[in-house]
Structures are given as structure tokens and as C-alpha cells.
Amino acid sequence: MSAWRLALAVLAGLALSGPATGAPADGVGRSIYLRGVLGSGAPLEGTREAGVVTTGADAACVNCHQRSGLGSVEGSLSIPPVTSEYLFHSRAHDATEPVLPYVESLHGNRDPYTDATLARAIREGLDSQGRPLSYLMPRFALSDEDMAALVEYLKALSVRQVPGVTDTVLHFATIVTPDADPLKRGGMLDVLEQYFVQKNLFPLKPSPRMLTSGKTQYSKSMYMANRHWQLHVWELTGPAASWRAQLDKHLAAEPAYAVLSGLAGSSWAPVHEFCEQNAIPCLFPNVEVPVTAERDFYPMYFSKGVLLEAQLIARTILGPDNHPAAGAVEQVYRAGDSGEPAAEALAAQLKGHGVTVHSTVLAARAQGHGVTAALRTAALRKDARGQALVLWLRPADIAALGDVPAGAATVYQSGLMGGLEKSPLPAGWREHTLMTYPFDLPDRRGVRLDYPLGWFSVRHIPVVAQQVQTDTFLACSLLADVLNRMADNFVRPYLIEQLQALLEHRLITGYYPHLTLASNQRFASKGGYVVRFRDPGGTALVAEGDWIVP
Amino acid sequence: MIPQSRRRVRPHTPYPTGYPTPAVLGGRHGVVVRLAALTGVVLFVLAASGGFANAADDAFSAPAPAVSGPTRSIRKYAVPAVSLVRDDGKVVALPDEMNDGRPIVLNFIFTTCGSICPVMSSVFAQFERRLGADAEKVHLMSISIDPEHDTPARLSEYARKFHAGLEWQHYTGTLDASVTAQRAFDVYRGGKMSHAAVTLMRAAPGKPWLRIEGFVRADDLVRDYRELLAAR
């Protein structure tokens with residue numbers, strides 16, 4: 001196709017997308033790039049060397065060139081950036097020129113593309129100088145209209161003006177919902193504020209431009225220290241239904257580049273949707289009930305929280321061969337607390353396996369009250385063997401279990417809700433109770449906590465909620481590492497992509513044995529232990545088996 | 001024009017404290033560091049940061065024959081005695097899976113891998129089809145390098161997507177078991193994102209392995225396979 005025809009088609013594409021649909025990114029080009037769906041609705045089809053055909057979502061550009069369009073490095077393969085500045089910029093004559101922001105996969109060794117040579121690259125697999133592209137790049141038979149839409153999309157992709165990033169400041173937000181535990185809230189904010197103070201101790205000078213080679217006259221980490229980190233604490237109020245509007249208002253007033261940590265009670269869905277729909281990286285909030293949408297891109301969690309615990313209990317009850325060890329399961333939770341969605345998740349997983357599931361729901365906001373009476377009723381059904389009692393309860397309720405006989409049933413307790421090894425589980429219950437433990441065991445994780453705990457101590461941060469605070473510290477240090485790796489390329493999806501690439505190399509992973517993410521993976525730690533208390537008192541635990549990935 | 005030496009070795013973003021050093025990550029990076037020493041560039045970056053370089057950055061756009069074609073070598077590997085979980089959910093011992101007498105073609109993949117793994121798996125699928133009736137005699141094995149995410153159910157779904165035949169199995173297990181298997185076949189690169197495109201082939205138990213590094217076409221894989229069997 002000649003250049004002018006392509007230009008006309010691009011104009012036509014622009015006209016079609018118009019202001020009604022917002023950015024041109026909403027059109028056919030986006031659909032081809034992200035989902036592998038052509039303008040006609042038919043699947044995109046690409047052919048690699050030796051006739052290997054790939055279609056639809058598998059053929060979509062995003063698989064290799066990434067959401068940001070900045071490419072990636074996988075093993076010895078380097079997949080180049082395809083945003084307009086890298087495609088159409090004149091050849092970098094000298095790697096010391098501050099022409100293009102550094103990306104690891106940059107290929108400077110070719111002439112700039114034109115619309116015509118780019119179309120040839122996509123259709124015939126030849127670069128701007130007519131040399132064959134790698135075997136990984138399929139050849140796509142795109143119509144002129146689809147090609148124009150795709151090129152238009154690439155031209156608008158990852159433009160460098162990113163909200164929340166100025167020449168001297170990086171703006172971050174943390175989000176606290178009104179139902180968050182006040183003690184944990186204080187602990188998390190202490191860590192965040194102190195981390196930002198430390199980050200900003202470095203003298204602020206005008207940022208030197210990063211060169212295309214990835215170098216400045218200083219090292220990269222010093223370069224990053226030249227931007228202040230500014231924290232905005234977005235405290236939500238009122239019912240969950242009103243949070244989304246509050247968040248949009250906060251964002252308009254204080255544009256944030258990313259959301260760092262955050263704290264919630266049982267509802268995080270409005271925040272999750274806010275992050276995904278506004279395309280804001282939302283890194284590792286302290287939430288017990290995350291949203292399990294693996295196909296979403298921007299929210300990232302350390303673990304699936306109580307939903308993972310529900311899976312661990314289901315796995316233990318059903319066994320590896322799906323032969324239930326219990327015929328009836330009684331779940332106890334407080335209305336409106338994290339135990340409610342957890343109990344629903346467990347019931348759903350036990351469905352269809354011949355297990356009867358009952359629930360005993362305690363009144364909201366009366367921690368420590370009513371649990372004995374409710375359990376007496378529940379325990380009446382527990383007098384036979386082969387039954388299980390599942391406690392989705394906080395420490396105050398656990399402590400109030402005191403005079404209730406444990407009976408013959410196996411008891412499962414949520415470690416996350418009940419306080420882990422510090423759970424005040426009465427002595428009489430300990431023998432019968434298995435606790436889900438979605439972290440590494442205390443004696444194994446100790447060495448990974450030495451640094452954050454020492455850091456807290458030196459900065460006089462009281463440790464009031466160790467796991468929340470060390471997770472917050474881990475989120476901060478991961479963010480710092482990723483930003484160093486990104487140099488000055490602050491495009492938001494690139495933050496997520498670089499985090500995915502970096503995370504599994506991290507050795508200091510706090511409470512978690514290891515962390516890993518990838519496209520379509522939103523939970524960095526995938527498993528947990530089932531443990532029991534070793535003694536009638538104290539905090540010593542014994543694992544019932546190996547690390548379980550349900 | 002960027003000088004040749006600069007194009008060959010690009011300074012990798014330094015890995016901060018808390019990440020393994022190149023020495024921990026294994027052999028390949030050692031080669032890269034030596035290459036950097038030979039070309040005499042960016043060594044100060046490596047020395048100062050503890051980072052490592054990526055030597056193959058031009059592989060995608062520049063048609064340099066040295067990096068675009070696969071390389072073959074004959075290697076001896078000891079099959080480690082690890083337990084893996086097959087895509088049908090059965091716990092199996094890796095030596096048992098490898099030593100049933102059939103020739104083996106082996107690779108390492110993960111199901112959320114967007115770029116190289118689907119290509120490698122498509123090649124396995126083509127290889128099966130091109131062998132025709134002979135496919136029954138071979139055992140194709142794909143071991144996940146992201147075993148905690150790649151449950152047997154996810155691996156079965158992945159296998160179905162590539163129309164895997166009965167002689168092609170996928171394996172997962174604990175992270176330790178997967179890493180042990182990767183190390184035994186010298187494909188461990190510190191994580192799934194630094195995945196090596198390697199295909200391994202062995203004619204029979206006790207025989208050495210043919211190691212193919214890089215992208216290999218299904219036709220070439222069939223040729224390699226037939227040659228390996230003929231030499232048995």
C-alpha cells in the first residue's frame with residue numbers, strides 16, 4: 001500500500017474513533033494489538049517460519065511486545081519496542097544522545113520505519129532496511145483498514161506524558177477503606193511515611209537526562225533518587241458503593257502514578273476496578289479479600305488472602321483424590337467480615353463432592369460476643385466423627401471460644417484472620433485445630449525479616465502488625481527496584497511488565513517463600529501450609545505437610 | 001552509528017541488593033561476562049553494579065547467522081531422581097518417565113509465557129504430526145518452569161490447545177523439583193522470564209543427549225530425530 005493511501009486510511013480511522021469513544025486506543029487497532037480480533041470480528045492470523053500458524057488472542061501483538069509496546073527481554077531473546085518513538089525515530093547516531101528513553105530491548109541498528117515499511121514488516125517480516133525479522137515475528141495478512149488502525153494504535157501507544165510524574169516528583173497514593181483495622185492502618189502508614197522520608201533524604205537537583213544507552217553521568221539508582229517520592233493517603237469514608245466516586249475525585253485532585261500498598265477490611269472490589277479501569281498500577285495492597293480476575297492487568301497482590309485459605313481447607317478436606325474427609329462442614333463467621341466471602345468460596349469448592357455445608361453467622365460489630373452461644377448450637381451438630389468446623393474469626397472471638405468443648409470434629413481456623421501463630425486459641429481447642437497459614441513458616445522466614453525488622457527498629461517504627469508492615473516494606477522496596485530498572489521510562493504498563501520480570505529474582509521476600517508473576521497472574525505467592533499448634537500454649541507450630549499450592 | 005562493540009553488549013539494569021548475583025544464576029552469564037571482557041566495554045558498569053549483560057540483543061532485528069540459527073551439541077546429563085506431577089495428576093518419578101525405553105524429546109515451558117513457549121509447543125505439535133505413525137514410538141516431555149502456577153489442570157488445557165497427542169506429556173511439581181530438573185539439563189536461568197529456548201533429545205536410556213539451543217523447525221527436528229535413532 002502506498003504511503004498516501006495508508007495516510008488516508010489512518011485519517012479515516014481517526015475520524016471513526018472520534019471523541020465519542022475517547023482515545024483512539026478504543027478502536028480496531030487496540031482490538032488487534034491486545035486481543036487478536038480484526039475489524040471484521042474475525043480472529044487475527046499470523047504465520048511463522050515453516051508454516052506455524054497462530055490465531056486470535058495467541059497471535060495478538062501484546063504477547064511479545066507487551067501492553068506498553070516497549071518490548072521485553074526473555075532469555076537471550078530481545079523483543080523490540082514498537083511504540084512510535086522507537087519505530088519512527090531517526091537512527092540514534094550516538095548512544096550518548098538523549099534521543100529516546102532507555103529500554104533494555106532497544107534495537108538502534110536500523111533505519112527508522114515509515115508507514116509503508118512498517119506495514120511491510122507486519123505483512124512480510126522485513127525490517128525497515130529489508131532484512132528478515134526474527135522467526136518469532138509472525139507474518140500477518142492484514143487488510144489496509146486493519147493495518148491503518150493498528151499503525152494508528154501504535155502511534156498513540158505509550159506516549160511519554162504520564163500523570164503523577166513530573167521532572168522532580170513521583171506521586172503515589174495509598175488507599176485505606178473505612179472498615180480497615182485501625183491498628184494495621186497505623187502500622188502500614190508508619191512504614192510508608194518513613195520509607196518516603198528515607199527516599200527523599202537525597203539532595204534534589206535537576207534531573208539529568210537519561211541517555212539512549214541507559215546511562216547518565218551518574219548511576220541509575222542515583223538518577224532515580226533525584227525525584228522525590230510524594231505519598232498521598234486516600235482515606236475512603238461511607239459505604240463501599242460510594243468509594244469509586246471518592247477515588248475518582250482523589251485522582252482528579254492528586255494525580256498519582258501508582259497506588260502503593262493500601263488496606264481494607266472485607267471489600268476491595270471498588271478499588272480494584274478503579275485501578276483496572278484507570279490503568280493505574282496498584283501494587284500489593286494489604287487485603288484479605290482480593291478480586292480474583294487473573295485477566296486484569298493493573299492490580300497486583302502478594303496473595304489471594306482468605307480465598308487462598310478457603311482453597312487450602314477445601315484441598316485438605318477433599319484430599320488429593322477428591323474423597324471428602326468430612327461429610328458435613330459448619331462455617332462460623334461474622335456478618336460483613338472477610339469470613340463471609342471466604343465461607344462462600346469454601347462452600348463453592350466443596351459443592352458437588354457430597355459435603356453438606358452449613359453456616360453460623362454472628363452479628364456484625366460485636367467482636368468477642370455471642371460466639372460461645374452460637375458455637376454451642378453449631379457444636380451440637382458436631383458430635384459425630386467425619387465433621388468439620390471452620391472458624392473465620394478474629395482474635396477477640398477466638399479468645400472467647402474458651403469454655404466451648406471442641407468435640408470430635410476437626411476444626412479449621414483461618415490463620416490470616418485469627419492472628420497466625422499469635423492466635424489466642426484456647427488450650428482445649430489446639431489438639432483438634434488445623435490452621436491455614438498462607439505464608440512461609442516462622443522459623444524459615446526469619447532471615448528474610450531481619451532486614452525490614454532492623455529497619456523498623458532503627459527508625460523507631462513500632463511493630464504493631466508485623467505481617468502487614470513487612471509486606472508494606474516489601475512493596476516499597478520492590479517499587480524502588482522496579483523504578484531503577486525502568487530508568488526514566490515511566491509508562492504505567494511498563495511498571496507492571498518490569499515488575500513481572502524482576503520479581504522472581506528477588507531473594508528477600510518477607511513472609512513469602514518466593515514470589516513470581518507473569519501475564520495473567522495476579523497473585524505473587526501461590527500457596528500455603530496447613531499447621532497445628534505444637535503445645536497447649538505458646539506460638540510454636542508444626543506443619544501438617546509440605547507447602548500446598550491448591 | 002553505534003560502534004559494533006556497544007551493540008554486542010548492552011549494560012543491563014543493575015540488580016539491587018536482594019537479588020542473586022550472576023555467579024548464582026549459572027553458567028551462561030559467565031560466558032557473557034567473558035565476552036564483555038573480550039570486547040572491552042562496559043566492564044566498569046558490571047563491576048560497579050554487580051549486574052550482568054545481555055549479549056544477544058540484536059537477535060531480533062539483525063539477521064546475524066551466528067545467533068539466529070540453532071546450535072547443536074552432544075551432552076551427557078544425569079537424570080535426577082525427582083518426583084513430578086504429570087498433566088493427568090499422577091505423581092511420577094522423572095527417571096521412570098524417561099527410562100521406559102522410548103526415545104525422548106524434551107523441552108521446558110510455562111503456560112503464561114507469551115512469546116517463545118507457544119512457538120516451541122507448536123513445533124512439538126508439528127513434529128508429532130510429521131512423524132505420522134512413528135509418533136507412537138517417541139515420548140515428548142514438556143516440564144513447566146513455573147510449576148506453582150502450572151497446575152495439572154492448566155497443563156492439560158495447554159496441551160489441548162496444541163492438540164498434543166498421547167505420547168506428549170506435560171509435567172509440574174514443586175518449585176524445587178522443577179529447578180532440580182532444569183539444573184540437571186542446564187536450562188536453569190534463575191527464573192521463567194529468562195527462559196532458554198532449548199530442545200533435548202535422547203535415542204534411548206543410557207545414551208547421550210542431543211542439545212539444540214535456539215529455535216528449531218519441526219522438519220529439522222524430525223531430521224535430527226531420525227538421525228539420532230539411526231545412530232543408536
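Residue A:468 versus (1) of a type in the set (Val, Ile, Thr); (2) within 12 Å of another protein chain (Cβ to nearest Cβ); (3) closer than 16 Å to residue A:261 by Cβ: which is the lone unmet condition?
Here residue A:468 clears every test but (2).
Go through the stretch A:513-546 and report how many residues are more than 15 Å from the chain's Cα centre (by Cα) and of a type in the set (Ser, Thr, Tyr).
Of the residues in the stretch A:513-546, 2 are more than 15 Å from the chain's Cα centre (by Cα) and of a type in the set (Ser, Thr, Tyr).
Within the stretch B:190-210, count every residue that is crowded, with 17+ Cβ neighbours inside 10 Å and touching a Pro at 6+ places or on another chain (Cβ under 9 Å).
6
Could you check residue A:500 against (1) crowded, with 21+ Cβ neighbours inside 10 Å; (2) part of a strand (DSSP E or B) and say which number it fails?
So the condition that residue A:500 fails would be (2).
Pairs, please: C-beta under 6 Å, at least 6 apart or cross-chain, first residue more than 7 Å from chain B (Cβ to nearest Cβ) and farther than 14 Å from residue A:281 by Cβ and in the stretch A:513-525, second among the small types (Gly, Ala, Ser) and part of a loop (DSSP other than H, G, I, E, B)?
So the pair list comes out as A:515/A:524; A:515/A:525; A:523/A:303; A:525/A:303.
Report yes if residue A:492 is basic (Lys, Arg) and away from chain B (no Cβ under 14 Å), otherwise no.
yes
Return yes when residue A:411 is among the β-branched types (Val, Ile, Thr), farther than 23 Å from residue A:345 by Cβ and free of Cβ contacts under 8 Å to residues at least 60 places away in the same chain and no when it is not.
No.
If you take the residues of the stretch A:526-550 that are over 20 Å from residue B:172 (Cα atoms) and assigned to a loop (DSSP other than H, G, I, E, B), which of them is nearest to the other protein chains (Cβ to nearest Cβ)? Spell out the reasoning first.
Of all residues in the stretch A:526-550, those over 20 Å from residue B:172 (Cα atoms) come to A:530-544.
Then keep just the ones that are assigned to a loop (DSSP other than H, G, I, E, B); that gives A:534-540, A:544.
On the way: A:534: 24, A:535: 29, A:536: 33, A:537: 33, A:538: 30, A:539: 27, A:540: 25, A:544: 16 Å.
Ranking the qualifying residues of the stretch A:526-550, first place goes to A:544.
Could you run through the stretch B:158-178 and say how many residues are of a type outside the set (Ser, Thr, Tyr) and either within 18 Å of residue A:518 (Cα to Cα) or not assigned by TED's automatic domain parsing to the domain that holds residue B:117 (or both)?
Total satisfying the criteria: 1.
Return the total of residues in the stretch A:40-80 being touching an Asp or Glu at 6+ places or on another chain (Cβ under 6 Å), assigned to a strand (DSSP E or B) and at the interface with another protein chain (Cβ under 9 Å from one of its Cβ atoms).
So the answer is 2.
Restricting to the stretch B:195-220, what's the tally of residues that are not aromatic (Phe, Trp, Tyr) and not in a loop (DSSP other than H, G, I, E, B)?
Looking only at that region, the number is 12.
Among the residues of the stretch B:154-181, which ones are among the aliphatic types (A, V, I, L, M) and touching a residue at least 60 places away in the same chain (Cβ under 8 Å)?
B:155, B:159, B:177, B:181
Test of understanding: among A:448, A:506, A:444, which residue is within 14 Å of another protein chain (Cβ to nearest Cβ) and buried (at least 23 other Cβ atoms within 10 Å of the Cβ)? Before the answer, list the steps.
Numbers: A:448 fails: buried (at least 23 other Cβ atoms within 10 Å of the Cβ); A:444 fails: buried (at least 23 other Cβ atoms within 10 Å of the Cβ).
The conditions single out A:506.
Going by what's in this entry, would residue A:454 be described as more than 9 Å from chain B (Cβ to nearest Cβ) and at positive phi?
no
Looking at B:136, B:213, B:227, B:128, which is the one that is surrounded by 16 or more Cβ atoms within 10 Å (Cβ to Cβ) and over 15 Å from the mean Cα position of the chain (by Cα)?
On the way: B:136 fails: surrounded by 16 or more Cβ atoms within 10 Å (Cβ to Cβ); B:213 fails: over 15 Å from the mean Cα position of the chain (by Cα); B:227 fails: surrounded by 16 or more Cβ atoms within 10 Å (Cβ to Cβ).
Of the residues listed, the single one that is surrounded by 16 or more Cβ atoms within 10 Å (Cβ to Cβ) and over 15 Å from the mean Cα position of the chain (by Cα) is B:128.
Counting just the residues of the stretch A:131-172 that are out of contact with any Leu (no Cβ under 7 Å at 6 or more places or on another chain), under 30 Å from residue A:264 (Cα atoms) and hydrophobic (A, V, I, L, M, F, W, C), which one comes out farthest from the other protein chains (Cβ to nearest Cβ)?
It comes out as A:169.
Please determine, by comparing only the residues of the stretch A:166-196 that are part of a strand (DSSP E or B) and in contact with a Lys or Arg (Cβ under 8 Å, 6 or more places away or on another chain), which one is modelled with the highest pLDDT.
Only one residue fits best here, namely A:176.
Give the residues of the stretch A:400-425 that are over 22 Å from residue A:314 (Cβ atoms), surrounded by fewer than 18 Cβ atoms within 10 Å (Cβ to Cβ) and at pLDDT below 95, sorted by residue number.
Scanning the stretch A:400-425 gives A:402, A:403, A:405.
Could you please find all residues in the stretch B:117-149 being charged (D, E, K, R), part of a loop (DSSP other than H, G, I, E, B) and within 26 Å of residue A:137 (Cβ to Cβ)?
Matches in the stretch B:117-149: B:146 only.
A quick yes/no check of all residues on (1) more than 28 Å from residue B:198 (Cα to Cα); (2) out of contact with any helix residue (DSSP H, G or I) (no Cβ under 7 Å at 6 or more places or on another chain):
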{"residue": "A:32", "(1), (2)": "yes, no"}
{"residue": "A:35", "(1), (2)": "yes, no"}
{"residue": "A:57", "(1), (2)": "no, no"}
{"residue": "A:63", "(1), (2)": "no, yes"}
{"residue": "A:83", "(1), (2)": "yes, no"}
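In this structure, is residue B:122 of a type in the set (Ser, Thr, Tyr) and either within 14 Å of chain A (Cβ to nearest Cβ) or within 15 Å of residue B:203 (Cβ to Cβ) (or both)?
Considered against the rule, which asks whether it is of a type in the set (Ser, Thr, Tyr) and either within 14 Å of chain A (Cβ to nearest Cβ) or within 15 Å of residue B:203 (Cβ to Cβ) (or both), residue B:122 comes out as yes.
For residue B:172, indicate whether it is in contact with an Asp or Glu (Cβ under 6 Å, 6 or more places away or on another chain) and facing chain A (nearest Cβ under 10 Å).
Criteria met by residue B:172.
The values are calculated or read from the model by the stated rules, or taken from the named source; none is laboratory data. These numbers come from a predicted model, not from an experiment. Backbone-built Cβ (ideal geometry, glycine too); neighbour counts: all protein chains shown.
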